[in-house]
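**Student:** Handing you a structure now.
Where a number appears in this text, it was derived from the coordinates with a stated rule and is not lab data. Computed from a predicted structure; not experimentally measured. Positions of Cβ are backbone-derived with ideal geometry, glycine not excepted, and every protein chain shown enters the neighbour counts.
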Amino acid sequence: MCGIVGYVGPRDAVSIILNGLKRLEYRGYDSAGVAVINGNQIEVRRDAGKLSQLIDLVGKSPLQGAPGIGHTRWATHGAPSARNAHPHVGNTGKVVVVHNGIVENFLEIKDEMMAEGVNFLSETDTETIVHLAEHHQAAGVNFVEAARRTFKQIEGANVVLLMSVDEPDKIVTARIGNAGGVVIGLGENENFIASDIPAILEHTRKVIFLESRQMAIITRDSVRIETLEGVEVSPEIHTIAWDAVAAEKGEYRHFMQKEIHEQVRALTDTLAGRVDFKAGRIRLPELNLTPEIAKRIQRIYITACGTAAYAGMVGKYLIEKIARIPVEVVIGSEFRYSDPIVDENTVVLAISQSGETADTLAAMEEGRRKGGIIWSIVNAIGSQAMRVSDGIIAMQTGPEIGVASTKAFTAPLVDQYMLAILLADLRGTIDEKTRKALVADLRLVPDLAGRVLDTESEVEKVAHALKDITGCLYLGRGINMPIAYEGALKLKEISYIHAEGYPAGEMKHGPIALIDEEMPVLCIAPKDPWHEKMISQIQQAKARGGMVIAVATEGDELIKGMADHVLWIPEAPWMLSPILTVLPLQLLAYHIAAIRGLDVDQPRNLAKSVTVE
Ligand code: AGP
């Protein structure tokens, strides 16, 4: 949601900002804008629609200067329009702002400002920030102090960037509450600011992550970090290993397709350094899990949203089966409202690709407030979720750009499998033979995944057969039941086809009424302990005239004889089968959307990081 890029240095800011915003497009947006300081003037260009429209506008009506700030907006207050697009300039023309988040007390501030005679030009909550800053400047304080007072006054989770013609050598930024990230990139005689690493990776790999309630005063040769109370902080400087190339599409048509194929490498990297195949043991050092902690855990809550929550549902099967610890999966947005029973013997395990999802962060906060042990499985390095955790498992997937999450789904399945084995080992509840067998199975995973991905052209043929469907029912059982949810989510979010995931055994309690010739039924039926049950499910669907597409294990002649289309996976240990069964469903959704000519990487209305509640 909302991408932010800032540049302070000797170069012209506009092209750096537009390139940076391009790399943040994946976050989802509906309008874009850029502002620079040119002499003693602020110049702004902004428009509704895609970044290409802003680039056209800048082409027709060029602007230049530095420092500069840019923004892609995902509308919350006020429709997507040029008028509501950021940046917003104050009435005196001295200060300009871009912002990510929601100013929760904006109505109150707006009333006060209007009473002072301020003229509001947009419907956004953001505009209150710039008027407040100008109000403080008018009271006689310098720009940095005016910015600080403004940051302290606004409520909610917010990231703000401000520039002023009064001090044209700097950008002042702040992170307030559990807002989306702020990355400050350190260059030679130039500095960068962005809401995510890919925006600045081509310029520098040295970065600082701003913590909540910190502000930064950034010039071309200095970065000063302070708390909002004015206490200087000496920040940790991180070096990012990602290659700028990792954030490029390369030979693929879409990021989603590239990321689906990257899963073989991501799964290999997930195992690297963590699995001792000889000893049959797992190492997860960043989790800070001691035998003492492992033994006292009585319950685990897994909390996450969307795809990450479905990964958690598979994790529940794995942890309960292998480590015999009760696990409950609670959707991030519901966690704090469900009055969860958390104490010092309870783990709250968050799963998040971005580590910025507001609902997941709020759940973690609730877990912390109640005294639980906070763990997270996160992809984005330095994200808030990582920083507030007692222990982490860092996904080894590299940047995920496509809005539809793929590799950040399969990596946490392996992470949770490893976590389950480690917990069982430290608690002494698993025998050596079983442990070694479970660990040995991990070795197979990348290769098996590669074999499924090699069937892409077969899946594409099925996608052609399904391209005009108007709905689809996805059914799964046991450990593959969450794969029905995930497969359906993939289809609906990028192809806009209504799809419903259902536990197969529940079909007879209602959804069976939907089945006729018009309603395809996708049955996830690998050789797992629920295979026979799924066969009878397929028969029931066929008996009602439904078209059946099955995900099945190679050599399953029974299913071949019954289903209209089969998406094959190789034989695999059943606990690892969800890593494989989801792959053809990712490819199927991808190809259906691509055949329909849709914007696969940036589907309508969706954002990659959902940083508002
Ligand atoms: C996945 O395809 C979705 N776009 C979405 O459900 C996503 O998984 C969810 O918003 C959680 O995001 P996170 O992993 O960054 O927390």
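**Student:** List the pairs from Lys60/Lys110; Lys492/Lys560; Lys152/Lys370 whose alpha-carbon separation is above 30 Å, in the order I gave them.
**Tutor:** Going by Cα-Cα distance, Lys60/Lys110 fall outside the 30 Å limit.
**Student:** A follow-up question, please. Given N residues in the stretch 167-298, what is its alpha carbon radius of gyration divided by 2.2 N^0.38 Å?
**Tutor:** With N residues counted in the stretch 167-298, Rg over 2.2 N^0.38 Å equals 1.41.
**Student:** Report D for the stretch 296-447 in µm² per second (integer): Stokes-Einstein, Kirkwood Rh on Cα pairs, 25 °C, 0.890 mPa s.
**Tutor:** D, rounded to a whole number, is 159 µm²/s.
**Student:** Put +1 on the Cβ of every Lys and Arg and -1 on every Asp and Glu Cβ in the chain; which of Val348, Cys305, Gln539 then has its Cα farthest towards the positive end of the dipole?
**Tutor:** Gln539
**Student:** Based on a Kirkwood Rh over C-alpha pairs, give the Stokes-Einstein translational diffusion coefficient of the stretch 327-379 at 10 °C and viscosity 1.306 mPa s in µm²/s.
**Tutor:** 146
**Student:** Just how large is the dipole of the stretch 388-518 about the Cα centre, in debye to the nearest 20, putting +1 at every Lys and Arg Cβ and -1 at every Asp and Glu Cβ?
**Tutor:** Details: 13 positive and 20 negative charges, 83 e Å.
The calculated dipole for the stretch 388-518 is roughly 400 debye.
**Student:** Then there's this: Give a residue-ordered list of calculated ³J(HN,Hα) values for the stretch 232-240 (Karplus: 6.51 cos²θ - 1.76 cosθ + 1.60, θ = phi - 60°; whole Hz; x for Gly, Pro).
**Tutor:** Values per residue, Gly and Pro as x: 5, 10, 9, x, 7, 9, 9, 10, 8 Hz.
**Student:** On the principal axes of its Cα set, how long, how wide and how thick is the stretch 411-455? Give whole Å, largest value first.
**Tutor:** If we take the Cα atoms of the stretch 411-455, the spans are 41, 21, 9 Å.
**Student:** Now for a different question. Compute the FRET efficiency between Phe277 and Lys321 as 1/(1 + (r/R0)^6), taking r as their Cβ-Cβ distance and R0 = 35 Å, and round to the nearest 0.05.
**Tutor:** Values: r = 21 Å, r/R0 = 0.60.
Given R0 = 35 Å and the Cβ-Cβ separation, E is 0.95.
**Student:** Something else about it: Any idea what Rg and Dmax come out to for the stretch 70-134 if you just take the C-alpha atoms, in Å?
**Tutor:** According to the Cα coordinates of the stretch 70-134, Rg and Dmax are 10.9, 31 Å.
**Student:** To continue, here is another question. Show me, bin by bin at 5 Å from 0, the whole-percent P(r) of the stretch 489-535 based on Cα pairs.
**Tutor:** 4, 17, 24, 24, 20, 9, 1
**Student:** Write out the GluC sites (Glu not before Pro) in the stretch 193-298 meeting two conditions: DSSP loop, and at most 12 other Cβ atoms within 10 Å of their Cβ.
**Tutor:** Sparse-neighbourhood loop GluC sites (Glu not before Pro): Glu229, Glu236, Glu251.
**Student:** Direction-averaged shadow area of the convex hull around the Cα atoms of the stretch 32-121, nm²? Before the final figure, lay out the partial values.
**Tutor:** Working: hull surface 24.6 nm².
The directionally averaged projection comes out at 6.1 nm².
**Student:** Sticking with this one: For Arg299, list long-range residues whose amide hydrogen, built 1.01 Å from N in the peptide plane, is under 5 Å from its own amide hydrogen.
**Tutor:** Those qualifying (amide H under 5 Å, at least 5 residues apart or on another chain) are Val347.
**Student:** Compute the distance in nm between two label points, each set 7 Å from the Cα along the Cα-to-Cβ direction, one at Glu286 and one at Asp599.
**Tutor:** Going by the 7 Å Cα→Cβ label model, 3.2 nm.
**Student:** Hey, what do the phi angles of the stretch 168-174 turn into as Karplus ³J(HN,Hα) couplings, whole Hz, using 6.51/-1.76/1.60 and θ = phi - 60°, x for Gly and Pro?
**Tutor:** Per residue, the Karplus-derived 3J(HN,Hα) values read x, 9, 8, 10, 10, 10, 8 Hz.
**Student:** Also: If we count every other residue with Cβ under 12 angstrom of Pro529's Cβ, Lys/Arg +1 and Asp/Glu -1, where does the sum land? Could the numbers behind the result be given before it?
**Tutor:** Working: positive: Lys321, Arg477, Lys527, Lys533; negative: Asp528, Glu532.
Counting the neighbours of Pro529, the net charge comes to +2.
**Student:** Can you work out the PRE-style zone for Arg387? Point 7 Å along Cα to Cβ, and I want the residues of the stretch 192-210 with backbone N under 16 Å.
**Tutor:** Once the point is set 7 Å along Cα→Cβ of Arg387, 193-197, 207-210 turn out to lie under 16 Å by backbone N, inside the stretch 192-210.
**Student:** Going by amide H atoms built from the backbone, whose H comes under 5 Å of the H on Leu284, apart from near neighbours?
**Tutor:** none
**Student:** Taking a label point 7 Å from the Cα of Glu517 along the Cα→Cβ vector, which residues of the stretch 543-563 have an amide N closer than 18 Å to it?
**Tutor:** Correct set: 543-549.
**Student:** Among Phe143, Gly117, Gly156, which residue has its Cα furthest toward the positive end of the charge dipole of the stretch 101-165, with +1 on Lys/Arg Cβ and -1 on Asp/Glu Cβ?
**Tutor:** Phe143
**Student:** Going 7 Å from the Cα of Thr92 toward and past its Cβ, which residues in the stretch 122-160 have a backbone nitrogen under 17 Å from where you end up?
**Tutor:** 128-151
**Student:** What is the helix-to-structure angle for 127-138, meaning the angle in degrees between its Cα long axis and the longest Cα principal axis of the chain, kept from 0 to 90 and rounded to the nearest 10?
**Tutor:** Taking Cα atoms only, the helix is inclined about 30 degrees.
**Student:** Nearest 0.05, what FRET efficiency do Ala437 and Lys542 give at R0 = 41 Å with Cβ-Cβ as r? Working shown, then result.
**Tutor:** Working: r = 37 Å, r/R0 = 0.90.
Efficiency for this residue pair is about 0.65.
**Student:** Using only the alpha-carbon atoms, how far is helix 456-466 inclined from the longest principal axis of the chain? Give it as 0 to 90 degrees, nearest 10.
**Tutor:** Result, in degrees: 90.
**Student:** While we're looking at this one, here's another question. Between 0 and 90 degrees, rounded to the nearest ten: what's the tilt of helix 51-60 against the longest Cα principal axis of the chain?
**Tutor:** Taking the Cα atoms of the chain, the angle to 51-60 is about 30 degrees.
**Student:** Please report the net charge: other residues with Cβ closer than 13 Å to the Cβ of Thr455, K and R +1, D and E -1.
**Tutor:** Values: positive: Arg451, Lys461; negative: Asp454, Glu456, Glu458, Glu460, Glu554.
Every neighbour counted, the sum reads -3.
**Student:** May I ask for the distance between the Cα centers of the stretch 370-428 and the stretch 566-596, given as a whole number of Å?
**Tutor:** If you average the Cα positions of each part, the centres end up 22 Å apart.
**Student:** Report, by chain and number, residues whose modeled amide H sits under 5 Å from the one on Asn38, excluding near sequence neighbours (fewer than 5 apart, same chain).
**Tutor:** For Asn38, the qualifying residues are Glu43.
**Student:** Per the helix-only calculation at 222 nm, which mean residue ellipticity applies to the chain, given -39500 (n - 2.57) for every DSSP H run of n ≥ 4 and division by its residues, nearest 500 deg cm²/dmol?
**Tutor:** Mean residue ellipticity, 222 nm, calculated: -11000 deg cm²/dmol.
**Student:** With N residues in the stretch 359-502, what two-decimal value do you get for its Cα radius of gyration over 2.2 N^0.38 Å?
**Tutor:** 1.28
**Student:** While we're here: Based on Cβ point charges of +1 for Lys and Arg and -1 for Asp and Glu, what charge dipole magnitude is obtained for the stretch 484-549 about its Cα centre, in debye rounded to the nearest 20?
**Tutor:** 160
**Student:** Another one. About its Cα centre, how strong a charge dipole does the chain have in debye, to the nearest 20, once Lys and Arg get +1 and Asp and Glu get -1 at the Cβ?
**Tutor:** Details: 62 positive and 79 negative charges, 199 e Å.
For this selection, approximately 960 debye.
**Student:** Quick one: the Cα spread of the chain along its three principal axes, in angstroms, biggest first?
**Tutor:** Result for the chain: principal-axis Cα extents of 79, 56, 42 Å.
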